[in-house]
Structures are given as C-alpha cells and as structure tokens.
Amino acid sequence: MSKIVNFIKNISPFNNRTEMPKILYIIKVILIFFLFKFGGEIVAEGIVLAVHFACGKNPLAGEMFDANKILIITYLGYSIVIGVIVLLWKLLQKKTLQDLGFTKRFGSYFTGIAIGTGLLALCVIPVVLTGTITFNGVFENINIGIILVMIVCFMLQGAMEEVLCRGVVQQLLIRKTSAPVAAGVSTILFTVLHLNNMTGAGPAITAVAIINLVLISLIFSLLTLRFKSIWAACGMHSFWNYILFNIMGLNLSGNDEVATAVFDMRSVGNNILNGGIYGIEASIITTGVLAAALVLCVLASRKELLPAGRSHQVLGEA
C-alpha cells in the first residue's frame with residue numbers, strides 16, 4: 001500500500017516532486033499539462049459566461065454576442081488562461097517566470113515574427129502559383145479596428161499554447177530528461193491540442209496536417225532552445241496565425257470563419273496542395289518548407305541538443 005501511495009504522490013500534478021524514474025516524471029508532467037490547460041480554460045469560460053450575464057444575455061438560452069465580439073472575447077480570454085497557468089506554476093511548481101521561459105531575451109520575439117512571416121510566404125506563394133489558392137486583391141471594406149485588435153488576440157493565443165508546451169512541459173522535462181525528449185513530448189501534446197480541428201478533412205489531408213504540426217512544433221521547441229527563452233516561439237506562432245488569418249484571409253487550422261482580413265484569398269478545390277478545409281497548414285508544400293526549416297534549426301541548435309549543452313538548456317539559468 002505504501003508503494004501505491006508513494007506512486008500517486010510522485011505523479012500527482014499538485015506537487016513539485018522530481019525524484020522518481022524518468023518515465024514516471026514524464027507521466028507527471030503530462031498530468032501537469034492537462035491540469036494547467038483545463039484549469040485555465042474552466043476559469044476563463046466561467047468569466048466569459050459571467051460577462052454575458054452581466055450584459056443582460058443568457059448564453060444558456062442561446063443569447064450570445066455577435067460573431068466578431070465572440071471571436072474577440074474568446075481570444076482575449078486566453079489572457080485569463082495564461083494568468084491561471086502562471087499562478088499554478090508559481091503555487092504548485094514553486095518556480096519563476098524566468099523558469100517558464102520568459103527570460104530577458106525579449107528581442108527574440110521579433111526574430112520569431114520574422115521567421116514566421118518568411119516561412120509563411122514560402123508556403124503560400126508556391127500554392128498560389130499552382131492555382132489552388134486564388135488572390136483576388138484587397139477587400140474594399142476592411143474593418144481596421146478588428147484587424148488591430150486581432151493582433152493582441154493572436155499574441156495571447158500563440159503565447160498561451162507556447163506557455164503550455166514550450167514553457168510548462170519543455171522546461172520541466174529538460175531538467176530531468178534531455179532536450180530531444182522534452183521537445184518530443186511537448187510536440188506530441190501540441191499535436192493533440194489540434195486534432196479536433198481536422199474533422200472532415202479526409203485521410204490524406206489529415207495525415208499531412210499532423211506531419212506539419214509535428215514539424216512546426218519541433219521548430220518552436222528548437223527556437224526555444226536556441227534563444228534560451230520562449231519569446232521567439234511565441235512571436236513566430238502568434239504572427240504566423242495572425243498573418244494567415246487576418247492578413248491573407250485563409251483558413252487557420254480548419255477555421256474558415258474569418259472575421260475580417262486585408263487580402264481576399266480563397267482555396268480552390270480540396271487537395272493536398274492547398275490543404276483543403278484545414279488550410280495551408282495541411283499543404284504538402286508547407287511540409288517541404290517546414291522540413292527544410294527544421295533541418296536548419298537542428299543545425300543551429302546542435303549544441304543545445306547535445307548532453308554537453310545541458311547546462312545551457314535550462315532557461316531559468318540562462
């Protein structure tokens with residue numbers, strides 16, 4: 001019985017124990033991931049419901065704000081999720097924001113934006129040239145206010161996923177296991193987060209989408225190792241999504257309900273060139289671009305990936 005009790009205490013996400021076999025510690029970190037994720041989401045959804053009721057609407061009876069407001073409220077709600085994650089990180093793991101990856105290397109955020117923008121252009125332009133995405137110019141009536149607000153929204157959304165995967169998961173695992181294991185587990189969890197968006201995409205497009213999720217997640221992990229912070233990954237993640245959704249007006253991870261965009265771009269047909277209903281992130285062309293980018297990231301981060309670079313991988317010690 002004492003062994004069972006000790007086992008439960010070891011893998012419990014409600015303490016910061018680390019002295020256990022590596023496989024048990026990996027299980028523990030996965031449980032921490034889901035505790036932080038669902039804990040943050042429950043609090044955020046509760047606050048959103050409270051806002052509806054405070055404004056005289058009953059969401060339980062189907063009374064909701066319009067689509068644009070719901071979209072903005074949803075994305076701004078990620079700030080609450082981040083806040084809950086940080087609170088649990090401090091209370092349960094007894095660690096700092098620097099340990100989470102928010103080091104003083106904030107300048108790498110803009111490097112991440114540049115990398116994401118460049119890679120996205122390399123993905124989209126060839127698909128446009130194939131004719132499976134059409135470019136119809138600029139929209140006549142652009143809601144500039146929404147476009148600007150969505151910058152903040154996507155900064156929060158990208159940061160939330162990176163705080164969970166490259167922050168909580170990768171930074172906890174890298175102290176006990178290795179950089180490849182930490183990046184691998186965070187990538188698996190990152191991919192799982194997006195699987196529900198692939199319904200109806202078809203087996204071929206779904207397979208390509210999963211491969212691309214793995215590739216881009218590994219790139220995020222390697223950027224975190226290379227820059228010794230999660231800022232670069234946050235910048236690339238957030239502005240990849242923002243440019244794709246609100247500048248180009250294309251599907252974002254299966255979401256085709258674009259509130260407003262600058263350019264009028266449309267997918268033609270349902271194939272692995274344009275990613276079908278899932279969007280450019282399920283394109284085989286995107287696979288090639290991300291694979292090449294991953295190779296470059298591995299070469300740039302090879303010191304951080306080796307056991308000899310272990311002391312440089314722990315962000316709290318950067």
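The values are calculated or read from the model by the stated rules, or taken from the named source; none is laboratory data. Please read these numbers as outputs of a predicted model, since none were measured by experiment. Neighbour counts are summed over all protein chains in view; Cβ atoms, including those assigned to glycine, are modelled from backbone coordinates with ideal geometry.
Considering only the range 89-105, I want to know if a residue exists there that is assigned to a helix (DSSP H, G or I) and more than 30 Å from ARG175 (Cα to Cα). Before you say what the answer is, go through the steps one by one.
Taking the range 89-105 first, the residues assigned to a helix (DSSP H, G or I) are 89-92, 97-100.
Checking the rest, the ones that are also more than 30 Å from ARG175 (Cα to Cα) come to none.
Checked against the condition, which is being assigned to a helix (DSSP H, G or I) and more than 30 Å from ARG175 (Cα to Cα), the range 89-105 yields no hits at all.
Just one of VAL208, VAL289, VAL268 is over 30 Å from PHE102 (Cβ atoms) and modelled with pLDDT of 90 or more; which is it?
Working: VAL289 fails: over 30 Å from PHE102 (Cβ atoms); VAL268 fails: modelled with pLDDT of 90 or more.
The match here is VAL208.
Kindly establish whether VAL48 is among the β-branched types (Val, Ile, Thr), free of Cβ contacts under 8 Å to residues at least 40 places away in the same chain and assigned to a helix (DSSP H, G or I).
Working: among the β-branched types (Val, Ile, Thr): yes; free of Cβ contacts under 8 Å to residues at least 40 places away in the same chain: yes; assigned to a helix (DSSP H, G or I): yes.
So VAL48 fits the description; yes.
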Can you tell me how many residues in the range 185-237 are within 12 Å of ALA282 (Cβ to Cβ), under 11 Å from the mean Cα position of the chain (by Cα) and free of Cβ contacts under 8 Å to residues at least 60 places away in the same chain? 1
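With respect to ASN68, determine if the residue is among the polar types (S, T, N, Q), free of Cβ contacts under 8 Å to residues at least 60 places away in the same chain and assigned to a helix (DSSP H, G or I). Give the steps one after another, and end with the answer.
Details: among the polar types (S, T, N, Q): yes; free of Cβ contacts under 8 Å to residues at least 60 places away in the same chain: no; assigned to a helix (DSSP H, G or I): yes.
Criteria not met by ASN68.
Taking the conditions exactly as written (over 19 Å from the mean Cα position of the chain (by Cα) and closer than 17 Å to CYS153 by Cα), does ILE80 satisfy them or not?
On the way: over 19 Å from the mean Cα position of the chain (by Cα): no; closer than 17 Å to CYS153 by Cα: yes.
In short, no.
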Within the range 229-253, how many residues are among the polar types (S, T, N, Q), in a loop (DSSP other than H, G, I, E, B) and buried (at least 24 other Cβ atoms within 10 Å of the Cβ)? 2
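To keep it simple, each residue is scored yes or no on (1) out of contact with any helix residue (DSSP H, G or I) (no Cβ under 7 Å at 6 or more places or on another chain); (2) of a type outside the set (A, V, I, L, M).
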site: ILE4; (1), (2): yes, no
site: MET20; (1), (2): no, no
site: ILE23; (1), (2): yes, no
site: VAL43; (1), (2): no, no
site: VAL48; (1), (2): no, no
site: PRO59; (1), (2): no, yes
site: TYR75; (1), (2): no, yes
site: ILE82; (1), (2): no, no
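A quick yes/no check of all residues on (1) touching a His at 6+ places or on another chain (Cβ under 8 Å); (2) within 28 Å of SER186 (Cβ to Cβ); (3) of a type in the set (Val, Ile, Thr):
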residue: ARG17; (1), (2), (3): no, yes, no
residue: LYS28; (1), (2), (3): no, yes, no
residue: LEU31; (1), (2), (3): no, yes, no
residue: GLY40; (1), (2), (3): no, yes, no
residue: VAL51; (1), (2), (3): no, no, yes
residue: ALA54; (1), (2), (3): no, no, no
residue: ASN58; (1), (2), (3): yes, no, no
residue: ASP66; (1), (2), (3): no, no, no
residue: GLY77; (1), (2), (3): no, yes, no
